[in-house]
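Structure first, then comments.
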């Protein structure tokens, strides 16, 4: 019987890890053991940061809405409470886009909700 080695399988596994470690610095992209550790760490970070990205976007939208509403004489918390009370169901992403791109509509929205 022929003796079977696991050379091709392990080479394929090593190549897969080293290809995903491309762009890492120094031994982290060259040596298998350190590359494997870095790839695992990178995968953990990518999972966590996909969740974190959503929080960062939301906080940026809140800052943009607050800046635009302060120009019109109110602040973010009062604006959001008035919008909720008047039944206007716009999310923060859309409000931030209105504040940046279409200031007339945003100003109209603020004046409408103060009347209600």
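The values are calculated or read from the model by the stated rules, or taken from the named source; none is laboratory data. Because the structure is a prediction, the values reported are computed rather than measured. Neighbour counts are summed over all protein chains in view; Cβ atoms, including those assigned to glycine, are modelled from backbone coordinates with ideal geometry.
Which ones in region 86-104 are in contact with a helix residue (DSSP H, G or I) (Cβ under 8 Å, 6 or more places away or on another chain) and not in a loop (DSSP other than H, G, I, E, B)?
Across region 86-104, the qualifying residues are 86, 92, 93, 95, 96, 98, 99, 100, 103.
To keep it simple, each residue is scored yes or no on (1) at pLDDT below 95; (2) in a helix (DSSP H, G or I).
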site	(1), (2)
38	no, yes
55	no, yes
58	no, yes
64	no, yes
70	yes, yes
73	yes, no
83	yes, yes
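Looking at region 3-28, which of its residues are part of a loop (DSSP other than H, G, I, E, B), free of Cβ contacts under 8 Å to residues at least 12 places away in the same chain and either surrounded by 11 or more Cβ atoms within 10 Å (Cβ to Cβ) or under 27 Å from the mean Cα position of the chain (by Cα) (or both)?
Within region 3-28, the first condition is being part of a loop (DSSP other than H, G, I, E, B), and the residues that meet it are 3-6, 21-26.
Subset that is free of Cβ contacts under 8 Å to residues at least 12 places away in the same chain: 3-6, 22-23, 25-26.
Passing the criteria: 22, 23, 25.
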